[in-house]
Amino acid sequence: MAKKVIVIGGGPGGYVAAIRAAQLGAETHLVEKENLGGTCLNVGCIPTKALLHTSELYRMVKHGERIGLKGDSVTLDWPALLNRKQSVVRRLVGGVGGLLKANGVAVHKGVGEVAGVGTVKVHGDKEEVLTADVIIVASGSVPVKLNFPGADLPGVIDSIGALSLPKPPASMVIVGGGVIGIEIAALYAALDCKVTVVELLPEILPGIDSEIAATLKQTLVKEGVVFMNGAKLDPSPRRPADWRPKCWWVPKRRNSSPKQCWSRWAVAPTPTAPVWKRPASSWNAAKSSLTPTTGRMCRASMPSVIATA
Ligand SMILES: Cc1cc2nc3c(=O)[nH]c(=O)nc-3n(C[C@H](O)[C@H](O)[C@H](O)COP(=O)(O)OP(=O)(O)OC[C@H]3O[C@@H](n4cnc5c(N)ncnc54)[C@H](O)[C@@H]3O)c2cc1C
């Protein structure tokens, strides 16, 4: 085992690698610019599951007669639900901090930058230079800004925005029927929001077993979700003040007109792009690029740098 390891990024990729390195005897440092736990704990898996848990219970109790339950009407306390989501996130993020500490990992708050072979600069409250035998880059990914007219208008949000709306909207269009889009569709459909999912491909959940995808789609259709498969947003460059996205079937059906498909909110649970270059910007500028390779052990183009993805 290398004697000294630096991990950039405190998400599931980074904190697990750091803990394991420390357990194997390395002096381990972890650099995180935001919150420990990364996307998954803060704005991904965990908050979505906390919201979905309540939305599912809400839906079940509201239609309790189907399962032999009768009671007074149930109402949703959205602010309380958001508070609970945040308290779950806080608890788990705190747990990651505790695990790192218990395993002797030193956490550095700041933006990590691979400054050269075996060297990481940390830009935080104070500037630090760390050196190591091995650097593990676990900087995760960020949502890609979608390139459609109106994507920057108020009311068009990404998956992070969809997890803390001021209240569940009356209607919502979700651009993209991948796993995150479908999770958000299930969440808001259960909360009485009229959800439309626009997906370019003929089916939702690409890459997932087609029988499972079809079964899930059927369930969501029963919940009132409208699916527009084989459709995309109108790419018209016009952007009047009252612009609302319209959808076209692809290929355009003869004599068809665009469908007006939303009222106020459009969620673009966009694809993500790796933030590989971010921790290595100065290295890229000065020398050859630091890129992940597909070789054994995920080694990167710079010696002693390993990528988690
Ligand atoms: C809404 C949603 C729901 C999801 N649900 C699931 C699910 O149910 N199951 C599942 O398996 N996956 C789910 N995912 C995906 C999951 O969140 C990611 O696969 C996982 O977070 C990737 O972990 P990671 O450590 O590679 O990256 P991240 O979790 O993105 O962590 C990277 C960390 O690196 C930090 N960082 C980046 N650059 C630097 C730098 N230069 N210096 C210091 N720190 C830096 C970031 O701040 C971040 O904390 C979901 C994602 C979303 C958005």
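The values are calculated or read from the model by the stated rules, or taken from the named source; none is laboratory data. None of these values were measured; they are calculated from a predicted model. Quick reminder, even Gly has a Cβ in these numbers, built from the backbone with ideal geometry, and neighbours come from all protein chains shown.
Brief remarks on what is shown
- Boolean, residue 33 is touching a strand residue (DSSP E or B) at 6+ places or on another chain (Cβ under 6 Å) and more than 16 Å from the ligand (Cβ to nearest atom): no
- Residue match in the range 69-92 (condition: touching a residue at least 12 places away in the same chain (Cβ under 8 Å) and small (Gly, Ala, Ser)): no
- Verdict on residue 90 being assigned to a helix (DSSP H, G or I), within 16 Å of the ligand (Cβ to nearest atom), surrounded by fewer than 18 Cβ atoms within 10 Å (Cβ to Cβ) and of a type outside the set (Gly, Ala, Ser): yes
- The lone exception for residue 39 - which of (1) over 20 Å from residue 192 (Cα atoms); (2) at pLDDT 95 or above; (3) buried (at least 18 other Cβ atoms within 10 Å of the Cβ) it fails: (2)
- The range 146-173 - residue that is more than 22 Å from residue 192 (Cβ to Cβ) and within 14 Å of the ligand (Cβ to nearest atom) and, of those, modelled with the highest pLDDT: 160
- Residue match in the range 15-28 (condition: within 16 Å of the ligand (Cβ to nearest atom), at pLDDT 95 or above and within 19 Å of the chain's Cα centre (by Cα)): yes
- Residue that is surrounded by the most Cβ atoms within 10 Å (Cβ to Cβ), among those in the range 130-145 that are away from the ligand (no atom under 14 Å from the Cβ) and either more than 30 Å from residue 181 (Cα to Cα) or among the β-branched types (Val, Ile, Thr) (or both): 132
- Residue match in the range 195-204 (condition: touching a strand residue (DSSP E or B) at 6+ places or on another chain (Cβ under 9 Å), within 16 Å of the ligand (Cβ to nearest atom) and not in a loop (DSSP other than H, G, I, E, B)): yes
- Some residue of the range 55-77 being within 13 Å of the ligand (Cβ to nearest atom) and in the same structural domain as residue 108 (by TED's automatic domain parsing): no
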